[in-house]
Amino acid sequence: MLLKAVAALSNLVVPLMIAVICIAGYAKKVRVYETFIEGAKDGFAIAIRLVPFLVGMFVAIGIFRESGALALLTRILSPLTQTIGMPSELLPLALIRPLSGTGALEVTVDLVRKFGPDSLIGRIASTMQASSETTIYIITVYFGAVGIRKTRHSLAAGLIADFAAFLSSVAIWRLILTFD
């Protein structure tokens, strides 16, 4: 009974929110439809400004993967990952994730297909994917789109957070499987 009520309520949330916004706008004498259209125009202009940054990022990621640099970096860093208990198969995911969410998802799906969702690699990969961010992508695309040139400590903070997410993913699953 409760689940049905929650499901029914969740189906009404968006329409109710739209109605409340329209009623509040009308009460404040805001021309709601015209304001919406102006916002849509601004959104379209922002999307157009994002295109060069997106293209540049996708080209850079493609070159990184296809040139063999990703494979080389994986081989070089593999001994380090072994010392912290991280399977070396996860290294491409850790290297791609800060660059591209779609690329990282592709790597995660490949790992899950190859090793299975309940394998150590599948579990760690899924946790890494969910707990980290596309730091370099965000800085390149979003900061670039709004004209921020001095990112200060954003890159370092984001990459440290990603690194912590990767280490935590490994540590948590190692700990869970120890008690399992």
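The values are calculated or read from the model by the stated rules, or taken from the named source; none is laboratory data. Keep in mind the model is a prediction, meaning the values are calculated, not measured. All Cβ positions, even for glycine, are placed from backbone atoms using ideal geometry, and neighbour counts span all protein chains on display.
Couple of notes before you dig in:
- Test for M17: is it part of a loop (DSSP other than H, G, I, E, B), surrounded by 10 or more Cβ atoms within 10 Å (Cβ to Cβ) and either of a type in the set (V, I, T) or at pLDDT 90 or above (or both): no
- The listed residue being within 25 Å of R65 (Cα to Cα) and crowded, with 18+ Cβ neighbours inside 10 Å, out of T140, T102: T140
- Flag if S154 is small (G, A, S), modelled with pLDDT of 90 or more, farther than 30 Å from L175 by Cβ and more than 14 Å from the chain's Cα centre (by Cα): yes
- Taken as a whole, the range 150-160 holds no residue that is of a type in the set (D, E, K, R), touching a residue at least 40 places away in the same chain (Cβ under 8 Å) and closer than 30 Å to I48 by Cβ.
- Residues in the range 91-114 that are of a type in the set (A, V, I, L, M) and more than 15 Å from the chain's Cα centre (by Cα): 3 in all.
- The set of residues in the range 109-118 being touching a residue at least 12 places away in the same chain (Cβ under 8 Å) and either surrounded by 21 or more Cβ atoms within 10 Å (Cβ to Cβ) or small (G, A, S) (or both) consists of L111 alone.
- Tabulated pairs, the range 47-73, first closer than 21 Å to L90 by Cα, second assigned to a helix (DSSP H, G or I) and of a type in the set (A, V, I, L, M), C-beta under 7 angstrom, 6+ apart or interchain: F64/L70; L70/L95; L73/L95
- Count of the range 58-93 residues which are outside any helix (DSSP H, G or I) and either among the hydroxyl-bearing types (S, T, Y) or farther than 19 Å from S126 by Cβ (or both): 2
- W173 satisfies every condition listed in (1) over 19 Å from the mean Cα position of the chain (by Cα); (2) surrounded by fewer than 16 Cβ atoms within 10 Å (Cβ to Cβ) except (2).
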